[in-house]
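Beneath this line is the structure, given in structure tokens, with notes to follow.
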Amino acid sequence: MLDSPVRVEESVTFEVPRSAEEVWDFMWDPQSLYVIEPDVTYAGTLPGTPDGQVGEVQVSMHRTGPERQLTALEVVALEPGRMATTRTLTAALPSGGRLDVEPTGEHSCRLTQRFHTDVPVGVEAGYVEIQRAGLREAALELEARVLGHFGN
């Protein structure tokens, strides 16, 4: 059992052969979830939240077999075109992520996606590795799907 909380973090950084603006626009748009996440059946912005700024909530519905899962991500920090930090409003454990897009040339950029989950005191220690493996898988899948989308 954990006697102190553990923040599990995973990230992926990769080059994309497109402009930072094009990659940012793709990643910011909730519709990109149809490309970068499996089994998405709906993706959009929660009405009534600020559009394109801190406070925006992006929502998606996923189908996993007969079950459906709703995910809601709130933007908590933003440098438009460069960085967005989110927290997940619908996860069982506190979690979130950070997206960074850095230009490396006129038609290229570096994308970094970080994910984290906070595992609380009292949870079996082995659960940390389960969370780490899940975050790592999500990061690698995101890299493969983004690069596939941009034809790399």
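Within region 121-151, track down each residue that is within 13 Å of PHE26 (Cβ to Cβ) and either aliphatic (A, V, I, L, M) or outside any helix (DSSP H, G or I) (or both). Give the derivation first.
Of region 121-151, the ones within 13 Å of PHE26 (Cβ to Cβ) are 142, 145-151.
Matches in region 121-151: LEU142, VAL146, LEU147, PHE150, GLY151.
Of the conditions (1) charged (D, E, K, R); (2) open to solvent by 30 Å² or more (accessible area, probe 1.4 Å); (3) within 18 Å of TRP28 (Cβ to Cβ), ASP100 satisfies every one except a single condition; which number is it?
(2)
Of everything in region 77-86, what is surrounded by fewer than 17 Cβ atoms within 10 Å (Cβ to Cβ) and touching a residue at least 12 places away in the same chain (Cβ under 8 Å)? Give them in sequence order.
ALA77, PRO80, GLY81, ARG82, MET83, listed by residue number.
For ALA92, work out the one condition from (1) open to solvent by 70 Å² or more (accessible area, probe 1.4 Å); (2) in contact (Cβ under 8 Å) with a residue 60 or more places away in the chain it doesn't fulfil.
For ALA92, the failing item is (2).
Can PRO17 be described as of a type outside the set (Ser, Thr, Tyr) and open to solvent by less than 40 Å² (accessible area, probe 1.4 Å)?
It is false that PRO17 is of a type outside the set (Ser, Thr, Tyr) and open to solvent by less than 40 Å² (accessible area, probe 1.4 Å).
Results for (1) of a type in the set (A, V, I, L, M); (2) within 16 Å of the chain's Cα centre (by Cα), shown as yes or no for each residue.
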{"site": "GLU21", "(1), (2)": "no, no"}
{"site": "THR41", "(1), (2)": "no, no"}
{"site": "PRO66", "(1), (2)": "no, no"}
{"site": "GLN69", "(1), (2)": "no, yes"}
{"site": "ALA72", "(1), (2)": "yes, yes"}
{"site": "ARG82", "(1), (2)": "no, yes"}
{"site": "THR86", "(1), (2)": "no, yes"}
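Check GLU56, GLU67, GLU15, GLU74 and return the single one that is within 22 Å of ALA144 (Cβ to Cβ) and not β-branched (Val, Ile, Thr).
Checking each option against the conditions leaves just GLU15.
Looking at PRO66 and the list (1) loosely packed, with under 14 Cβ neighbours inside 10 Å; (2) touching a helix residue (DSSP H, G or I) at 6+ places or on another chain (Cβ under 9 Å), which single condition is not satisfied?
Of the numbered conditions (1) loosely packed, with under 14 Cβ neighbours inside 10 Å; (2) touching a helix residue (DSSP H, G or I) at 6+ places or on another chain (Cβ under 9 Å), the odd one out for PRO66 is (2).
Would you pick out the residues in region 34-58 that are among the hydrophobic types (A, V, I, L, M, F, W, C), touching a Ser or Thr at 6+ places or on another chain (Cβ under 7 Å) and under 13 Å from THR86 (Cβ atoms)?
Result: VAL57, single match.
Quick test for you: out of GLN58, GLN53, pick the one residue that is open to solvent by 70 Å² or more (accessible area, probe 1.4 Å) and within 21 Å of ARG114 (Cβ to Cβ). Before you say what the answer is, go through the steps one by one.
Values: GLN58 fails: open to solvent by 70 Å² or more (accessible area, probe 1.4 Å).
Only one candidate qualifies: GLN53.
Hey, can you tell me all the residues within region 7-40 that are basic (Lys, Arg) and out of contact with any His (no Cβ under 6 Å at 6 or more places or on another chain)?
Residue satisfying the conditions is ARG18 alone.
The values are calculated or read from the model by the stated rules, or taken from the named source; none is laboratory data. Model, not experiment: these values are computed from the prediction. Every residue, glycine among them, receives a Cβ derived from its backbone with ideal geometry; neighbour counts consider all protein chains shown. Accessible surface areas use protein heavy atoms only, side chains included; no ligands, DNA or RNA. Shrake-Rupley method; radii C 1.70, N 1.55, O 1.52, S 1.80 Å.
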